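Each remark here refers to the structure printed beneath this line.
The values are calculated or read from the model by the stated rules, or taken from the named source; none is laboratory data. Keep in mind that this is a model prediction, so the values were computed, not measured. Positions of Cβ are generated from backbone atoms using ideal geometry, with glycine treated the same way; all protein chains shown enter the neighbour counts. These accessible areas exclude ligands, DNA and RNA; they are computed on the full protein's heavy atoms, side chains included. Shrake-Rupley method; radii C 1.70, N 1.55, O 1.52, S 1.80 Å.
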Amino acid sequence: MMKSEESSIIGNMKALILVGGYGTRLRPLTLFRPKPLVEFANKPILEHQLDALVDAGVRQVVLAVSYRAEEMEQELKTYAERKGVKLIFSHETEPLGTAGPLALARKYLESDSEPFFVLNSDIICDFPFKDMVAFHKNHGGEGTIAVTKVEEPSKYGVVIYDEKGKVESFMEKPQEFVSNKINAGLYILNSKVLDRIELRPTSIEKEIFPVMASSQQLYAYELKGYWMDIGQPKDFLTGMCLYLQSEGQNSETKLKFRAGAGIVGNVLVDESVKIGSNCRIGPNVTIGKDVVIEDGVCIKRCTVLSGSKIGSHSWLDSCIVGWKCKIGQWVRMENVTVLGEDVIVDDEVYINGGKVLPHKAISSSVSVPQIIM
Amino acid sequence: MTATDLPPGCGDQEITKAVILIGGPQKGTRFRPLSLDVPKPLFPVAGVPLIQHLIEACVQVPSVKEILILGYFASDEITPFIGEIRPLYPTVRIRYLQEYTRLDTAGGIYHFRDQIKAGNPSSFIIINGDVGGDFPLQEMLEFQSNLKASGKTPLLTILATEATRQQSVNYGCIVENKETHAVTHYVEKPETFVSATINCGVYVCSLDIFPIISKIYATRQQLFYEGKIEENGETWESIALERDIIMPLTAEGNLYVYHSNRMWSQVKTAGSAIYANRQYLAMYRRRQPDRLAGCNKGKGDTTPRILGDVYIHPSAQVHPSCLIGPNVSIGKNVTIGPGVRIRESIVLGDTVIQDHTLIRYTIVGWNSYIGKWSRVEGTPCDPNPNKPFAKMENVPLFHEDGKLNPSITILGCHVRVPSEVVVLNSIVLPYKELSRSFSNEIIL
């Protein structure tokens, strides 16, 4: 019954995800792996968005990619089959900004007259797509833009709108406080909007939305739950905490949180993981497939990606440990230390805010935040 | 030069005395904050107070019948310790003689000359209290006897070692006649390079030195009462062996050098204690391996894993899952929890270290407490191992730009380090409770 209700709202809606560029902000994780495939809470970032879309009834998703398309196609093939969703890769040969990819994928998006979703790929939130569609159909304008409240709006695009949600103007990174509601990077657009976009590098935030706002066709939808742009390591970890917290409070969550001795708070551990004795894991930790954690390890507020090993008596706080890393014994890592793939950290090393490139061996301490080439 | 070549007339009754000069509370300030809690000579390295290492060096010499410790520490700071160790060395008389003020090296000896001369020793050993090492005292005595036997009149034999050209200027530099080993020139801490042969602060001295000091004493007394010397914080009676005796007497030709390249180090700064600790542990390995941990195999699972040279006091409780060493000393009644890693450090008595903590290049003061998963770490200032004869660099506390130079970490007594923090290259004064991480700071 739920199913038919959903599909009655979503109908044949499609979605376009702006997968985009090189993900430089999330380096060193994204040096050899496309950002959408980096695991967030033990699941590729992109799958969080795809799952939410599929759950809402979307059956066709255009992935606007400019880089490593083949790798992604390969990796997402089985996913698409399993979920019964059609993934279309729209490959831009030159960077087209945030609006250009819509023009490029126009033929897929306007195959019927239904509105479609547009998602920035770095966004993590509750994805309330059904509610958003209801809001969109209700106001009757050409576009809906999700907005969220943040503490420091000066880093983002601020949206100014009236009490009915009708957008009046945009302010990109305002120096003075104008509002704490920012563009959350989730949109619903009618196919008519495609007429406004040419096939050239175009910014949807700066060139398309202001025009739509001035013709009173754009409405702001206020997100209720958490929201985070996880495009850089610090925010990735903050987003992870918000996500785990939200799922931890959600009685219908599909996540299997780990519980038991030595586990504190919300901890997500793959079933294949081995954890030694006298450890303290959590709060806010995710541990990927085949990770081995030896005795007496303390991990807080960290993402440990698959295949890594953490040596006994080590202490990790606010770190992202890349794939297949080997962390020695009595190692201390903190302050948004990020290890790329296959990094080896010797016994007793201290890393404070180090960004370590893949395949690197660290044999002496890094006590001041820096990039280790 | 061997013991069998003793010159005629020395007899079976020949005795030697030893004088250890330990200074007073105003000395050893560079050893703070550790010298705030205990007089520096009583600071333990390799589980034994610094001064006891010097006493043990003297006790090794069969002819030494009495050891006189000279200094101006209050008697009650030193004598209880002497009382404690006296039973360990039954063949030797050990006494503390308190100077009424700071008399300096030769001034102290002169003041207590009757005590030294009593029993008519043939010569006496002088050791500066701020050095450590493996001193060839017996060899030096034989060297001096042999000089006498060959008709010379040696006043003083100075133990010397080699330094690098660069570092030599921080020490007393000696130029000698290579054939006779007589000192031809001596200068204390020169501005430019003079010689790579440096004074170790260990001497064999003839009783003939007393008339010489007496003359200097009389001259200084006269000058003082004529108003020709001023007392700049030190008494006119303060006479320095190096400045007032050795330097003026090089022309006489009766000062000699005895060379040794065995272990030797100054112990002036707290940082040098880590180095001295390692050196003394290495000496145990050669001479008294039973003092080292891990040498009493067979205890099974009750002993921790040990790497290299480690001293653990028998009363200390160290969990079997710990990994300790190399070059670690653990004091009396220390408790160390599971999974702790310690290397290149000194942990003083009654301290508690909780599970999974790492300690490197650190001195942990008495009665301290360190929580779980913490990291207490310093930066070694060891001699450059690639330079022959390199000594420990006594780097100043602060860099020219006013920043603290990275050094070993020192926790004063009764310091509390919470769980899960890092304390890096910092000096923490006694009775401080830390509430967060620190690096490169002095925490008052």
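Each row is one residue, and each column tells you yes or no for (1) under 22 Å from the mean Cα position of the chain (by Cα); (2) within 26 Å of A:VAL133 (Cα to Cα); (3) among the β-branched types (Val, Ile, Thr).
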{"position": "A:SER214", "(1), (2), (3)": "no, yes, no"}
{"position": "A:LEU218", "(1), (2), (3)": "no, yes, no"}
{"position": "A:LEU223", "(1), (2), (3)": "yes, yes, no"}
{"position": "A:TYR226", "(1), (2), (3)": "yes, yes, no"}
{"position": "A:ILE230", "(1), (2), (3)": "yes, yes, yes"}
{"position": "A:LEU237", "(1), (2), (3)": "yes, no, no"}
{"position": "A:LEU242", "(1), (2), (3)": "yes, yes, no"}
{"position": "A:LYS254", "(1), (2), (3)": "yes, yes, no"}
{"position": "A:ARG258", "(1), (2), (3)": "no, no, no"}
- Task: Restricting attention to region B:65-96, report how many residues are free of Cβ contacts under 8 Å to residues at least 12 places away in the same chain and over 25 Å from B:SER238 (Cβ atoms).
- Result: 7
- Message: Quick check on region B:26-36. Is at least one of its residues more than 14 Å from the chain's Cα centre (by Cα) and within 26 Å of B:ILE213 (Cβ to Cβ)?
- Response: yes
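Could you look through region B:373-387, keep only residues that are part of a loop (DSSP other than H, G, I, E, B) and in contact with a strand residue (DSSP E or B) (Cβ under 8 Å, 6 or more places away or on another chain), and pick out the one that is modelled with the lowest pLDDT? So that I can check it myself, show each step before the final result.
From region B:373-387, those part of a loop (DSSP other than H, G, I, E, B) are B:373-374, B:378-387; that's our starting set.
Then drop every residue that is not in contact with a strand residue (DSSP E or B) (Cβ under 8 Å, 6 or more places away or on another chain), which leaves B:373-374, B:378.
Details: B:TRP373: 97, B:SER374: 97, B:GLY378: 93.
Checked region B:373-387; the qualifying residue modelled with the lowest pLDDT is B:GLY378.
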- Extreme residue, farthest from B:LEU424 (Cα to Cα), among residues of region B:343-358 that are within 10 Å of chain A (Cβ to nearest Cβ) and part of a strand (DSSP E or B): B:ARG343
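Within region A:319-328, is there a residue that is closer than 22 Å to B:CYS322 by Cβ, surrounded by 22 or more Cβ atoms within 10 Å (Cβ to Cβ) and modelled with pLDDT of 95 or more? Steps first, answer last, please.
Within region A:319-328, the subset closer than 22 Å to B:CYS322 by Cβ is A:327-328.
Those still in the list that are surrounded by 22 or more Cβ atoms within 10 Å (Cβ to Cβ) too: A:327.
Okay, now just the ones that are also modelled with pLDDT of 95 or more, so A:327.
Yes, because at least one residue in region A:319-328 is closer than 22 Å to B:CYS322 by Cβ, surrounded by 22 or more Cβ atoms within 10 Å (Cβ to Cβ) and modelled with pLDDT of 95 or more.
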- Note on the structure: Conditions (1) away from chain B (no Cβ under 14 Å); (2) among the hydroxyl-bearing types (Ser, Thr, Tyr); (3) over 20 Å from the mean Cα position of the chain (by Cα); (4) open to solvent by less than 60 Å² (accessible area, probe 1.4 Å) -> A:SER314 fails only (1)
- Message: Any residue in region B:217-236 that is within 14 Å of B:ASP104 (Cβ to Cβ) sitting within a Cβ distance under 8 Å of a residue that is at pLDDT below 80? List the pairs, counting only those 6 or more apart or interchain.
- Response: B:ARG220/B:ILE229; B:TRP236/B:ILE229
- How many of the residues making up region B:420-439 are assigned to a loop (DSSP other than H, G, I, E, B) and buried (at least 16 other Cβ atoms within 10 Å of the Cβ)? 9
- Message: Which pairs turn up if I take residues in region B:318-329 that are under 13 Å from A:SER312 (Cβ atoms) and look for partners that are open to solvent by 20 Å² or more (accessible area, probe 1.4 Å) and among the basic types (Lys, Arg) with beta carbon separation below 6 Å, at least 6 apart in sequence or on another chain?
- Response: B:LEU323/B:ARG305
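Do the conditions hold for A:SER277, that is, is it surrounded by fewer than 24 Cβ atoms within 10 Å (Cβ to Cβ) and within 23 Å of A:GLY248 (Cα to Cα)?
Details: surrounded by fewer than 24 Cβ atoms within 10 Å (Cβ to Cβ): yes; within 23 Å of A:GLY248 (Cα to Cα): no.
In short, no.
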- Note on the structure: Taking region A:106-130 and keeping only residues that are touching a residue at least 24 places away in the same chain (Cβ under 8 Å) and in a helix (DSSP H, G or I), one is left with A:ARG106, A:TYR108, A:LEU109, A:PHE129, A:LYS130
- Only listed residue being surrounded by fewer than 18 Cβ atoms within 10 Å (Cβ to Cβ), among the basic types (Lys, Arg) and more than 12 Å from every other protein chain (Cβ to nearest Cβ), chosen from A:LYS355, A:LYS289: A:LYS289
- Note on the structure: Of the residues in region A:262-274, those that are open to solvent by less than 60 Å² (accessible area, probe 1.4 Å), without any contact (Cβ under 8 Å) to a residue 60 or more places away in the chain and not β-branched (Val, Ile, Thr) number 4
- Message: Out of the residues in region B:408-419 meeting the condition of being open to solvent by 10 Å² or more (accessible area, probe 1.4 Å) and within 14 Å of chain A (Cβ to nearest Cβ), tell me which one is farthest from A:GLY296 (Cα to Cα).
- Response: B:PRO418
- Note on the structure: Scanning region A:227-261 residue by residue, those open to solvent by 30 Å² or more (accessible area, probe 1.4 Å) and part of a loop (DSSP other than H, G, I, E, B) turn out to be A:GLN232, A:ASN250, A:SER251, A:GLU252, A:THR253, A:LYS254, A:LEU255, A:LYS256, A:ARG258, A:ALA259, A:GLY260, A:ALA261
- Query: Which residue, of A:ALA69, A:ALA56, A:ALA64, A:ALA80, is in contact with a Ser or Thr (Cβ under 7 Å, 6 or more places away or on another chain) and hydrophobic (A, V, I, L, M, F, W, C)?
  - Reply: A:ALA64
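Given the criteria within 13 Å of chain A (Cβ to nearest Cβ) and open to solvent by less than 10 Å² (accessible area, probe 1.4 Å), does B:ILE363 qualify? Reasoning before the result, please.
Details: within 13 Å of chain A (Cβ to nearest Cβ): no; open to solvent by less than 10 Å² (accessible area, probe 1.4 Å): yes.
So B:ILE363 fails the test.
Are any residues in region A:335-352 open to solvent by 30 Å² or more (accessible area, probe 1.4 Å) and either part of a strand (DSSP E or B) or within 12 Å of chain B (Cβ to nearest Cβ) (or both), and if so, which ones? It would help to see each step written out before you state the result.
Step one: filter region A:335-352 for residues open to solvent by 30 Å² or more (accessible area, probe 1.4 Å), giving A:335, A:341-342, A:344, A:346-347.
Selection gives A:ASN335, A:ILE344, A:ASP347.
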